[in-house]
Amino acid sequence: MGVRSLVSPHLKLQACGDMEDIMKPYALLAALIGLWPAAAFAHACPSLMSEIDQAMQTASLSESDTARVKELRTMGEEQHKAGDHDASMSSLEEAKALLGL
């Protein structure tokens, strides 16, 4: 009589269930770590908007560049509010580049 015949199928399922319970916190931690950069970028948008606003007070740009920076700044804020942080960052970075930041 081998070891396999001594272990019931129920015990095997219970052992698998225990392993799943052990792995759940690790899976949750991995998911949270994966989402952390997205949250960080989401919070970077307002600071970029603030940088642009401050730079616009002393900027000496052409009328067309000034209009473009304002347009990009507005687009970036709207995209941020809509949850599209990648697009928001792109718009705001383009505005910063026009400002020489």
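The values are calculated or read from the model by the stated rules, or taken from the named source; none is laboratory data. This one's a predicted model, so the numbers in the text were calculated from it and none came from an experiment. Because the Cβ atoms are built from the backbone with ideal geometry, glycine has one as well, and the counts that use them run over all protein chains shown.
Against the condition of a type in the set (D, E, K, R), touching a helix residue (DSSP H, G or I) at 6+ places or on another chain (Cβ under 7 Å) and assigned to a helix (DSSP H, G or I), how does residue 78 come out, does it pass? The answer is no for residue 78.
Quick check: is even one residue across segment 61-73 free of Cβ contacts under 8 Å to residues at least 24 places away in the same chain, over 16 Å from residue 44 (Cβ atoms) and of a type in the set (Asp, Glu)? The answer is yes; a qualifying residue exists.
With respect to residue 67, determine if the residue is at pLDDT 95 or above and out of contact with any His (no Cβ under 7 Å at 6 or more places or on another chain). Outline the logic, then answer.
Numbers: at pLDDT 95 or above: yes; out of contact with any His (no Cβ under 7 Å at 6 or more places or on another chain): yes.
Yes, satisfied.
Screening residue 74 with (1) surrounded by fewer than 15 Cβ atoms within 10 Å (Cβ to Cβ); (2) at pLDDT below 95; (3) polar (S, T, N, Q) gives one miss only, at (2). Considering 13, 101, the condition of being surrounded by fewer than 15 Cβ atoms within 10 Å (Cβ to Cβ) and at pLDDT below 85 is satisfied by 13 alone.
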